[in-house]
Amino acid sequence: MLRHAKELLDVPPIGRRQPRMKDELAALDALGITLPSTAYIIGVVIFGIVGYVAYRYGRKMSLQTTKWIGIALMLYPYAISTTWLLYAVGAGLCIGAYVSAHVSK
């Protein structure tokens, strides 16, 4: 039973060297897959939160433009892969949400 459990968990024998993080990153890089930078991940989180707030505010105040800009803020990072473009589009959408919320009043 113990041998079967080790096979299910794919536990390497004692003394066998585990692959290092650098080896795994090199394998991903060879496939053309790169991990996002910390700045990119922070931007995605910030613009996602701002988008959620804009969506909720637009829905509460019945402001269709603000609501749809909020949805765009939450979804656009899936289509953009460069950090500088993420921040440029996010800043533009944030300005658009602010203007649409205050002009409609």
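The values are calculated or read from the model by the stated rules, or taken from the named source; none is laboratory data. Please read these numbers as outputs of a predicted model, since none were measured by experiment. All Cβ positions, even for glycine, are placed from backbone atoms using ideal geometry, and neighbour counts span all protein chains on display.
In table form, for the structure just shown:
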quantity: Per-region count, the stretch 27-50, residues more than 13 Å from the chain's Cα centre (by Cα) and either of a type in the set (Val, Ile, Thr) or surrounded by 11 or more Cβ atoms within 10 Å (Cβ to Cβ) (or both); calculated: 6
quantity: Residue within the stretch 65-78 that is surrounded by 14 or more Cβ atoms within 10 Å (Cβ to Cβ), of a type in the set (Val, Ile, Thr) and under 13 Å from Gly90 (Cβ atoms) present; calculated: yes
quantity: Unique residue being surrounded by 11 or more Cβ atoms within 10 Å (Cβ to Cβ), modelled with pLDDT under 80 and more than 21 Å from the chain's Cα centre (by Cα) when the list is Lys22, Lys6; calculated: Lys6
quantity: Conditions (1) under 13 Å from the mean Cα position of the chain (by Cα); (2) modelled with pLDDT of 95 or more; number of the one not met by Gly70; calculated: (1)
quantity: Residues within the stretch 59-87 that are under 20 Å from Thr34 (Cβ atoms) and either of a type in the set (S, T, N, Q) or without any contact (Cβ under 8 Å) to a residue 12 or more places away in the chain (or both), tallied; calculated: 8
quantity: Positions within the stretch 51-64 being buried (at least 20 other Cβ atoms within 10 Å of the Cβ) and outside any loop (DSSP other than H, G, I, E, B), in sequence order; calculated: Gly51, Ala54, Tyr55, Gly58
